[in-house]
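S.K.: For reference, the structure I am asking about is given below.
Nothing in this text is a laboratory measurement; each read-out follows from the coordinates by a stated rule. It should be emphasised that the depicted structure is a prediction, and the values quoted were computed from it without experimental measurement. All Cβ positions, glycine included, derive from the backbone under ideal geometry; neighbour counts span all protein chains shown.
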Amino acid sequence: MKTFNLIQVVTFPTRICNIKGTLIDSIFLDNAKFQNLSVHPFDSSLSDHVAQILTLRNITVPLQKCMHTSKTRIMDDKSIANFQSHLREEAWDSVYNSEDINEMFNNFHCILLRHVENSFPLRYKSYITKHNGWITKGIKISCQRRKDLYFMYRHLNNPQLKEYYKRYCAILRKVINLAKKLYYDKQIELSFNRVKTTWKIIKDITGKTHSPVTDMKIKSDARILTNINDIA
């Protein structure tokens, strides 16, 4: 890593088990480009690993463009066929003509990544963060209490505290499930169309939303019908 001027900047244990700590999660930075920085741990209770928060100062980054966006690569039949075609047409001379195994791999890797980027370009999609209406102030306080208990039993290695933490989690799960039920029941009860509202809730919870079909077609009496009225 130092060959490329990359320095490891995490200096605290990132996983603690039975009071013992190990540093097994790292952040490497170019020390010449980023000097004014700080790193500190953050316990999220999502894992037995501690998260690392890196703060870089005096750097201009267009953060607004990155907020509330997701990126993905479109991999459909057309793009996969295009990718395979590029691989077949590639001569791979820089790979076969090299005698150094590291140089061969680096050349192969660069060519492969170039074709991946060309065939499967990144697509950015904006999204709006949804607010869960069933989350009450009491649930927020209880979730914070659950996180505190998790840190306490993990660092103190106390079996009784661990058992108490498990019971607390079980009770909190029941409270959250009940809060969800009451919230969604009230939405359905106050709705003018209960069936429609029920299906909307199911789609929101499962994340399965379907756009209307516009390219429907059906074969009838040796004819292909595409008009939705004719199909009906």
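S.K.: Run the quick spin-label model on N227 and D25: label points 7 Å from Cα toward the beta carbon, then report their separation in nm to one decimal.
M.R.: Computed distance between label sites N227 and D25 equals 6.1 nm.
S.K.: Please give the contour-minus-distance gain from E90 to S142: 0.36 nm per residue of separation, less the Cα-Cα distance, rounded to one decimal in nm.
M.R.: Fully extending the segment from E90 to S142 adds 12.9 nm.
S.K.: May I ask you to evaluate 6.51 cos²θ - 1.76 cosθ + 1.60, the Karplus curve with θ = phi - 60°, for each residue of region 109-123 and list the ³J(HN,Hα) values in order in whole Hz, giving x for glycine and proline?
M.R.: Here the 3J(HN,Hα) series is 5, 5, 5, 4, 5, 4, 5, 5, 5, 6, 7, 10, x, 6, 10 Hz.
S.K.: Test of understanding: what is the full-extension gain from K181 to I59, defined as 0.36 nm times their sequence separation minus their Cα-Cα distance?
M.R.: Full extension from K181 to I59 adds 39.3 nm.
S.K.: Which FRET efficiency, nearest 0.05, do C169 and C17 yield, Cβ-Cβ r, R0 22 Å?
M.R.: 0.70
S.K.: Report the equivalent ellipsoid semi-axes for region 69-126 in whole Å, largest first, defined as the square roots of five times the eigenvalues of the gyration tensor built from alpha carbon atoms.
M.R.: Calculated on Cα positions only, the semi-axes equal 28, 14, 6 Å.
S.K.: Here's another thing I want to ask about it. Using semi-axes √(5λ) of the Cα gyration tensor in Å as the read-out, say which of [x] 25, 21, 18; [y] 33, 27, 18; [z] 41, 41, 17 was calculated from these coordinates.
M.R.: Recomputing semi-axes √(5λ) of the Cα gyration tensor in Å here picks out [z].
S.K.: Taking 0.36 nm per residue of sequence separation and subtracting the Cα-Cα distance, how much length would be gained by fully extending the chain between T206 and D48, in nm to one decimal?
M.R.: 54.1 nm
S.K.: Just name one of T72, F120, H40: the one whose Cα is farthest towards the positive end of the charge dipole of the chain (beta-carbon charges, Lys/Arg +1, Asp/Glu -1).
M.R.: H40
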